[in-house]
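Right, one structure below, let's go through it.
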Amino acid sequence: MTVFLALVIGGLFGFVLDRIGATNPNWIIKMLNLSNLHLMKTILLAIGVGSVLMFAGQMVGFVDVGHMSVKTAEVGVFVGGLLLGFGWAFSGFCPGTGVAAAASGRKDALFFIAGGLLGAAAYMATYGSIMSTFLFDKIGGGKVTLGTVPGSKFEGLTGIPGDLLGIALGVAFIVVAFALPNKLVGGDAPSDAVPAE
């Protein structure tokens, strides 16, 4: 049942990515060069709404904080984030949008996926030689959250209640999503874009 549910949710997520234009590398490039912020606004709104719902759900007991998972903050995570950002800007795809784009029939996405698999294989092949380097140095104690979440096993970097901080950040993302203009620099929407807002 868990695998079936994962497939259904993944399929729905891919469908939404395609409908908002995230499987179109032209939209991604336009977002990154700030000439069409449709995707950025959509992403900010989704993160904001998700954050408000999750942390409000935790406060009222609908969401069990015991299921919260926090990844260890290491130098390599930030280096990897920079590499991911470079690849995203260079290709017009990130891992999720690349798979959804391939499912929608984009052949260029297949090359992106192949490159991602080769990169993962290179990481696995070199893992033994880099695991003792500075890339695995913990930052801020490793598994920490910005605020303190009652009932979780993770420490907070600040004494601010994590649920309130999560809701406040979520609301801030929603406000920014609505406040952003459609573009910050000149340029038109891609010719094969989804209809304008």
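The values are calculated or read from the model by the stated rules, or taken from the named source; none is laboratory data. If you're wondering where the values come from, they're calculated on a predicted model, not measured in any experiment. Cβ coordinates were reconstructed from backbone atoms using ideal geometry, including for glycine residues, and neighbour counts include every protein chain displayed. Note: accessible area is taken over every heavy atom of the protein model, side chains too, but ligands, DNA and RNA are not part of it. Shrake-Rupley method; radii C 1.70, N 1.55, O 1.52, S 1.80 Å.
Computed values, structure above
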| item | result |
| --- | --- |
| Residue count for the range 11-37, restricted to those that are under 27 Å from residue 168 (Cα atoms) and open to solvent by 30 Å² or more (accessible area, probe 1.4 Å) | 5 |
| Qualifying residue in the range 99-107 (condition: in a loop (DSSP other than H, G, I, E, B), touching a helix residue (DSSP H, G or I) at 6+ places or on another chain (Cβ under 6 Å) and in contact (Cβ under 8 Å) with a residue 40 or more places away in the chain) | yes |
| Among residues of the range 45-55, those that are open to solvent by less than 40 Å² (accessible area, probe 1.4 Å) and of a type in the set (A, V, I, L, M, F, W, C), counted | 2 |
| Counted residues, the range 62-79 - those being at pLDDT 85 or above and either over 26 Å from residue 176 (Cα atoms) or open to solvent by less than 90 Å² (accessible area, probe 1.4 Å) (or both) | 6 |
| Residue count, the range 103-117 (criterion: within 20 Å of residue 10 (Cβ to Cβ) and over 21 Å from the mean Cα position of the chain (by Cα)) | 2 |
| Any chance residue 196 is at pLDDT 80 or above, within 29 Å of residue 23 (Cβ to Cβ) and loosely packed, with under 14 Cβ neighbours inside 10 Å | no |
| Residue ID - most open to solvent (accessible area, probe 1.4 Å), chosen from residues in the range 101-129 that are within 21 Å of residue 17 (Cβ to Cβ) and among the aromatic types (Phe, Trp, Tyr) | 111 |
| Those residues of the range 15-37 which are within 14 Å of the chain's Cα centre (by Cα) and assigned to a helix (DSSP H, G or I), in sequence order | 17, 28 |
| Residue within the range 44-55 that is hydrophobic (A, V, I, L, M, F, W, C), over 18 Å from the mean Cα position of the chain (by Cα) and assigned to a helix (DSSP H, G or I) present | no |
| Qualifying positions in the range 130-145 - among the charged types (D, E, K, R) and either loosely packed, with under 11 Cβ neighbours inside 10 Å or not in a strand (DSSP E or B) (or both) | 137, 143 |
| Residues located in the range 90-100, provided they are of a type in the set (A, V, I, L, M, F, W, C) and open to solvent by less than 60 Å² (accessible area, probe 1.4 Å) | 93, 94, 100 |
| Residue count for the range 146-163, restricted to those that are touching a residue at least 24 places away in the same chain (Cβ under 8 Å) and either part of a loop (DSSP other than H, G, I, E, B) or aliphatic (A, V, I, L, M) (or both) | 5 |
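Here is a yes/no grid of residues against (1) under 30 Å from residue 138 (Cα atoms); (2) open to solvent by less than 50 Å² (accessible area, probe 1.4 Å); (3) among the small types (Gly, Ala, Ser); (4) not in a helix (DSSP H, G or I):
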| site | (1), (2), (3), (4) |
| --- | --- |
| 4 | no, no, no, no |
| 8 | no, no, no, no |
| 39 | no, yes, no, no |
| 81 | yes, yes, yes, no |
| 88 | yes, no, no, no |
